[in-house]
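Student: Quick one: structure below, then a few questions.
Quick note: the coordinates plus some simple rules give every number you see, no bench work behind them. None of these values were measured; they are calculated from a predicted model. Cβ: placed from backbone, ideal geometry, glycine included. Neighbour counts: every protein chain shown.
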Amino acid sequence: MPSALLVAEDSRSAPTGTGLLYNCGMSPVAKVGAPADIIIYDFDGLRVLPDEIVHDLPGGEWRRIQRSEGYKYILVNGEVTMRNGQPTNNHSGRLLRHGA
């Protein structure tokens, strides 16, 4: 149980730190109408998979990626963007720029 408490405390403080770091005025509050990103995961099933090389950049160029397992849902602004590790092709977020 203590490890679950540490994860909860870390998750709660992360939005504040990120918001302050990028000066985007975000508040770590989940309420109707507020922007929110929510991650629902299986703590015991979380795994980092081996590195992969993918050739999906313009001109056939490559990049290195590292996938993971154990994420059940990722919601961005109330919309499911990932379900059981698979993207839903819903892009409900927006790009945040420093100082914007």
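Student: Would you please put 37-46, 75-84, 54-63, 89-98 in order of how densely packed they are, using the mean number of other Cβ atoms within 10 angstrom per residue and starting with the highest?
Tutor: 75-84, 37-46, 89-98, 54-63
Student: Using 7 Å Cα-to-Cβ label points, what is the Ser68/Leu46 separation (nm, one decimal)?
Tutor: 0.7 nm
Student: Please compute the net charge surrounding Arg64, taking Lys and Arg as +1 and Asp and Glu as -1 over other residues with Cβ under 12 Å from its Cβ.
Tutor: That sum, taken over residues with Cβ under 12 Å, equals -2.
Student: Would you mind counting up the charge near His55? Only other residues with Cβ under 13 Å from its Cβ, with Lys and Arg at +1 and Asp and Glu at -1.
Tutor: It works out to a net charge of -1.
Student: Here's something else I'd like to know. Starting from the 7 Å offset along Cα-to-Cβ, what nm value, one decimal, do you get for the label separation of Val32 and Asn90?
Tutor: Each label point lies 7 Å from its Cα, and together they span 1.9 nm.
Student: Among rounded, prolate and oblate, which fits segment 30-100 when a ≥ b ≥ c are the square roots of the eigenvalues of its C-alpha gyration tensor, a/c under 1.5 means rounded, and a/b larger than b/c means prolate?
Tutor: Judged from the Cα gyration tensor, segment 30-100 comes out oblate (a/c at least 1.5, b/c at or above a/b).
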